[in-house]
1. Which net charge results when you count Lys and Arg as +1 and Asp and Glu as -1 among the other residues whose beta-carbon is under 15 Å from that of B:GLY190?
2. Pick from A:ASP222, A:ASP106, A:ASP243: which residue has the top mean-square fluctuation in a GNM of chain A where Cα pairs under 10 Å get a spring?
3. Tell me whether chain A comes out rounded, prolate or oblate; compute the Cα gyration tensor, take square roots of the eigenvalues as a ≥ b ≥ c, and use a/c under 1.5 as the rounded threshold.
4. Measuring from a point 7 Å out along Cα→Cβ, what nm distances, shortest first, does A:LEU318 have to its partners in the other copies?
5. In segment B:212-309, which trypsin sites (Lys or Arg not before Pro) fall in coil by DSSP and have 15 or fewer other Cβ atoms within 10 Å?
6. Select from A:TYR310, A:TYR173, A:TYR158 the residue whose mean-square fluctuation is largest in a Gaussian network model of chain A (Cα-Cα springs shorter than 10 Å).
7. Please build a GNM for chain A, connecting alpha carbons under 10 Å apart, and tell me which residue among A:ALA265, A:ALA120, A:ALA215 fluctuates the most.
8. In chain A, which longest range has no GluC sites (Glu not before Pro) that are both DSSP loop (not H, G, I, E or B) and surrounded by at most 15 other Cβ atoms within 10 Å?
There are 2 protein chains.
Amino acid sequence: MSSDKPTLAVVGATGAVGTVMLEILSSRPDVWGEIRLIASPRSAGKKLVVREREVEVVALSPEAFDGVDVAMFDVPDEVSAQWAPVAASRGAVAVDNSGAFRMDPDVPLVVPECNPEAIARRPKGIIANPNCTTLSMMAALGALHREYGLRELVVASYQAVSGMGVAGPERLYDEIAAVAGNRAIGTVAGDVRKAVPDLVDSPFPAPLAFNVVPAAGSLKEDGWFSEELKVRNESRKILGIPDLKVSATCVRVPVITTHSLAVHATFDEPVTVAAARAVLEAAPTVVVLDDPAKGVFPTPADVVGTDPTYVGRIRQALDFPNTLDMFVCGDNLRKGAALNTAEIAELVAAELSSR
Amino acid sequence: MSSDKPTLAVVGATGAVGTVMLEILSSRPDVWGEIRLIASPRSAGKKLVVREREVEVVALSPEAFDGVDVAMFDVPDEVSAQWAPVAASRGAVAVDNSGAFRMDPDVPLVVPECNPEAIARRPKGIIANPNCTTLSMMAALGALHREYGLRELVVASYQAVSGMGVAGPERLYDEIAAVAGNRAIGTVAGDVRKAVPDLVDSPFPAPLAFNVVPAAGSLKEDGWFSEELKVRNESRKILGIPDLKVSATCVRVPVITTHSLAVHATFDEPVTVAAARAVLEAAPTVVVLDDPAKGVFPTPADVVGTDPTYVGRIRQALDFPNTLDMFVCGDNLRKGAALNTAEIAELVAAELSSR
């Protein structure tokens with residue numbers, strides 16, 4: 001390395017996740033030498049603040065990766081598919097938050113609480129960061145899996161609009177402004193659809209104000225949406241359970257940031273609520289909020305902007321052996337995206353420093 | 001009977017469900033002679049419109065049931081517990097939409113699509129209408145159960161605020177008005193909580209604007225909320241499957257009216273998506289909205305104010321045999337409450353007329 005501390009590049013620094021990434025990099029223990037900000041040519045020259053210093057954004061190019069040790073990518077799939085290998089060919093370890101490489105057998109898919117050792121085998125020089133929906137529950141499920149052996153997952157999601165990038169919150173704020181003050185709306189079929197701005201301009205296929213929409217990601221085979229298949233495939237890969245049984249229904253809800261999940265999890269071993277709570281409380285990045293008699297349970301509005309994975313409403317399933325029902329919340333831009341990417345990058349930095 | 005057509009009493013005519021009931025009674029085939037409107041003494045004298053005629057509300061009293069053949073109750077549990085037996089003792093058949101009698105072995109719990117024959121055995125003169133969450137999916141599940149034998153249900157709900165009565169929508173409209181126009185809200189823990197009116201005045205334990213709340217009903221044993229236990233116990237009773245395995249997580253969402261449910265249903269027999277769709281399309285009160293490639297799936301905003309049970313996102317579970325995942329929507333005030341009550345009352349009216 002050219003300095004004592006490794007050089008980090010943030011590709012997609014001006015996006016929704018990139019913005020949160022700069023906040024996170026400014027608040028975590030500082031393991032980085034230079035932090036280089038990279039974005040599309042139209043954002044080049046823009047100045048952003050990271051670690052309390054202004055840094056000028058440079059345009060994405062092969063040369064932008066020269067001297068970079070770790071390059072984080074928070075960009076669309078097709079941009080990652082093209083540019084993460086370029087970064088790797090220039091000697092950087094690419095940590096990619098897109099869906100481009102997650103299921104590639106030669107790319108580890110990493111949640112530091114679950115499989116930190118997986119970063120070591122990266123023949124393509126690329127490490128993938130999971131999808132935000134999967135990530136929002138992984139720290140909690142990983143802790144329980146280590147103790148009880150996860151066998152089956154039935155999940156229903158309550159997904160925030162910022163999972164779509166900045167266009168998601170912009171659209172929901174517009175819709176809320178359009179319906180606010182109308183104290184009869186939401187009572188006749190189609191009245192919300194008429195009241196909100198034209199859906200042609202929306203990143204969502206239906207209104208979200210006073211609504212929930214059972215469609216997240218793109219439609220894949222046999223009626224499944226991509227987000228639902230990601231929950232299945234990525235959970236299996238991260239936890240190292242190739243035959244994990246998973247059914248997920250992913251639903252977009254009118255929440256700005258923080259994904260919630262109703263989780264029905266079946267284990268190999270018997271598990272009590274008290275034992276599960278103890279396991280989760282011992283997990284460093286998990287917070288148990290579970291005293292419903294006192295109104296204590298996780299909700300997006302109360303956990304947004306923070307780092308942990310929150311678990312509440314932990315119940316023993318009444319009719320299913322070795323099974324817990326619970327409600328899990330995690331900030332989809334932080335642990336669900338930028339934070340986990342930063343944590344993976346820090347693992348790589350530690351590995352590079354120890355060489 | 002004293003006239004050609006039976007006399008109906010609507011108890012709780014001024015409430016959230018009662019208001020919808022009067023609309024429904026005004027639009028259905030008219031099987032009733034007199035329709036008498038009954039409410040608490042403070043609403044007595046008020047004039048409401050039903051079947052295009054003004055009817056004066058009379059105060060709840062034993063005498064109010066004189067000459068009544070069928071008395072519908074849309075009132076709180078404790079009012080039903082006291083007054084449904086009074087109506088029955090005066091010769092009326094009480095059709096009760098509260099939770100007071102649903103699990104009483106001497107009170108049938110009826111969904112006309114599932115167990116219409118159950119109305120015949122009513123030793124207490126009382127018939128119960130199910131909870132709105134259970135009801136919102138029963139017509140669809142009943143149709144599938146008849147063909148394939150339902151064995152297990154894992155359900156996550158997306159419940160509308162009008163399930164709480166008129167206070168629910170009033171509160172959500174207030175909260176939306178308080179947050180509208182703020183294009184940074186929902187991004188920091190607690191910011192929504194600070195922006196909305198004091199929660200002391202809310203029927204909900206947490207904000208609902210830009211939020212979801214995993215608490216519905218009252219807290220019961222072992223961390224389960226009453227709505228979750230009702231889904232289990234009432235589904236078993238309605239479908240006549242005493243050992244049906246059920247886990248439900250009930251979550252309140254910022255929707256005015258129409259409950260949605262992510263349903264993971266396992267059957268005794270193998271079932272394909274095509275076969276299930278055919279069964280559901282043949283069910284007279286079920287509408288299949290399932291062409292996600294064209295943006296066709298049920299959402300609350302598109303089905304509110306209508307009668308059917310809507311089913312979409314029908315998928316064969318990838319890892320669970322004989323299992324379907326689907327998304328179900330139903331108007332919680334109509335099929336989920338008033339409509340089903342009216343349908344039960346009509347079954348009773350037909351039985352009385354045939355004597």
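The values are calculated or read from the model by the stated rules, or taken from the named source; none is laboratory data. Note that the structure is a prediction, hence the values are computed from the model and not measured. As a convention, Cβ positions derive from the backbone with ideal geometry for all residues, glycine included, and neighbour counts pool all protein chains shown. To get the accessible areas, we keep the full protein, side chains included, count just its heavy atoms, and leave off ligands, DNA and RNA. Shrake-Rupley method; radii C 1.70, N 1.55, O 1.52, S 1.80 Å.
1. Working: positive: B:ARG193, B:LYS194; negative: A:ASP302, A:ASP331, B:GLU175, B:ASP191, B:ASP198.
So the surrounding residues net to -3.
2. It is A:ASP222.
3. Taking the square roots of the gyration eigenvalues as a ≥ b ≥ c, chain A is oblate.
4. Spacings between copies for this position, smallest first, are 3.2 nm.
5. Values: sites: B:LYS220, B:LYS230, B:ARG232, B:ARG236, B:LYS237, B:LYS245, B:ARG252, B:ARG277, B:LYS294; in loops: B:LYS220.
Hits after loop and neighbour filter: B:LYS220.
6. For chain A, modelled as a Gaussian network with Cα springs under 10 Å, the answer is A:TYR173.
7. Largest GNM mean-square fluctuation: A:ALA120.
8. Values: sites that count: A:GLU34, A:GLU52.
Longest site-free region, per DSSP loop and neighbour criteria: A:53-355.
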